[in-house]
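The values are calculated or read from the model by the stated rules, or taken from the named source; none is laboratory data. Please read all numbers here as calculations on a predicted model, not as lab measurements. Backbone-built Cβ (ideal geometry, glycine too); neighbour counts: all protein chains shown. Accessible surface areas use protein heavy atoms only, side chains included; no ligands, DNA or RNA. Shrake-Rupley method; radii C 1.70, N 1.55, O 1.52, S 1.80 Å.
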Amino acid sequence: MSGDARLPPDGLDAIEAEAWALLEAGGGSFRAPFHAGTLGTIGDDGPNLRTVILRGADGASRRIWCHTDIRSPKIAELAADSRIAWTLYDEAARLQFRAWGRAIVHHDDDIARARWQATVLNSRRIYHAVAPPSSISPIATGGLPPELDDERWTAEFSERGAANFVALETRITRLEALYLHHAGHRRALFRYGDDGACLTADWLIP
Ligand SMILES: Cc1cc2nc3c(=O)[nH]c(=O)nc-3n(C[C@H](O)[C@H](O)[C@H](O)COP(=O)(O)O)c2cc1C
């Protein structure tokens, strides 16, 4: 095991506080660990996993966020079954988070609009794809319209992408932290109520 592995802080309360602090940091900076994770939904053919960028976390209300396109298949899957799962792993710290919860799709509401306004110009491009994300294309393409060249690409023009933008909120009902360490692995599970209150905190056998 790597000597750089992170030692768990003392006690369940401290582990939970550290978990949320790390998620908040990951959601706030592309340089921080836990900036990307794996998001799982339930599709017609079974589980569906994909990498997404963590765009925010709020330990006080037990919510985490990512951004996506309203036309992407994961949105239809979440409409059929709002249960969602995440994993995030920091290789350097040898620390894994797993989270489960309910998805809330923000599209064309105040929250989506606020997050769209905070989305930098370059990150807005993908929301201009002509055909829905994940649809089959007869040619190899990034999916963006040819007229979307650098000259047309202004903040004003980018606003057209807002119609496809979704801020996907996960209300966390369970959060698990697994610290891998040569001195002994540690695993902790926290359960949350609908109001975000921590209902239980338990050690698990790693
Ligand atoms: C590093 C990385 C970050 C990604 N971030 C996102 C993201 O934040 N939102 C998103 O919808 N897709 C993101 N993707 C693409 C997804 O992994 C996936 O291919 C896409 O969302 C289509 O998934 P779906 O067909 O299940 O909707 C990312 C992929 C990679 C490799």
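Pick from 44, 58, 109: which residue has the top mean-square fluctuation in a GNM of the chain where Cα pairs under 10 Å get a spring?
In this elastic network of the chain, the residue with the biggest mean-square fluctuation among 44, 58, 109 is 44.
Can you give the three extents of the C-alpha atoms in segment 29-91 along their principal axes, from longest to shortest, in whole Å?
Rounded to whole Å, the extents work out to 34, 26, 19 Å.
Where in the chain is the longest stretch that carries no GluC sites (Glu not before Pro) classed as loop by DSSP and with at most 15 other Cβ atoms within 10 Å? Write down the numbers at each step before the final one.
On the way: sites that count: 91, 147, 151.
The longest such stretch corresponds to 1-90.
How much space per residue, in cubic angstrom, does the convex hull of the C-alpha atoms of the chain take up? Mind dumping the intermediate values first?
On the way: hull volume 30.2 nm³, N = 206.
It is 147 Å³ per residue.
Taking a quarter of the surface of the Cα convex hull of segment 11-65, what do you get in nm²? Numbers along the way, then the final one.
On the way: hull surface 18.4 nm².
Orientation-averaged projected area of the Cα hull: 4.6 nm².
For the charge dipole of segment 1-121, defined by +1 on Lys and Arg C-beta atoms and -1 on Asp and Glu C-beta atoms about the Cα centroid, which residue among 20, 35, 72 has the Cα displaced farthest towards the positive pole?
Ranked along the dipole, the leading option is 72.
Report the paramagnetic label zone for residue 91: residues of segment 174-206 whose backbone N is under 17 Å from a point 7 Å from Cα along the Cα-to-Cβ axis.
Under cut-off, by backbone N: 180.
How about segment 29-92: which chymotrypsin sites (Phe, Trp or Tyr not before Pro) there lie in a loop by DSSP and see at most 13 other Cβ atoms within 10 Å? Before the final figure, lay out each step's value.
Numbers: sites: 30, 34, 65, 86, 89; in loops: 30, 34.
Answer in residue order: 30.
Please build a GNM for the chain, connecting alpha carbons under 10 Å apart, and tell me which residue among 35, 185, 128 fluctuates the most.
Taking springs between Cα atoms under 10 Å, the residue moving most is 185.
How much area per residue is accessible in segment 1-138 when the probe is 1.4 Å and only protein heavy atoms are counted (Å²)?
Values: 7300 Å² over 138 residues.
Accessible surface, normalised per residue, equals 53 Å².
Kirkwood hydrodynamic radius (Cα pairs, Å) of segment 114-159? Intermediate results must be reported in sequence, preceding the final value.
Details: mean 1/r = 0.0852 Å⁻¹.
Computed over segment 114-159, the radius equals 11.7 Å.
Pop out the carbon and sulfur fraction of the accessible area of segment 1-108 as a percent, whole number, probe 1.4 Å.
On the way: 2640 of 5320 Å².
Here carbon and sulfur together make up 50 percent of the probe-accessible area.
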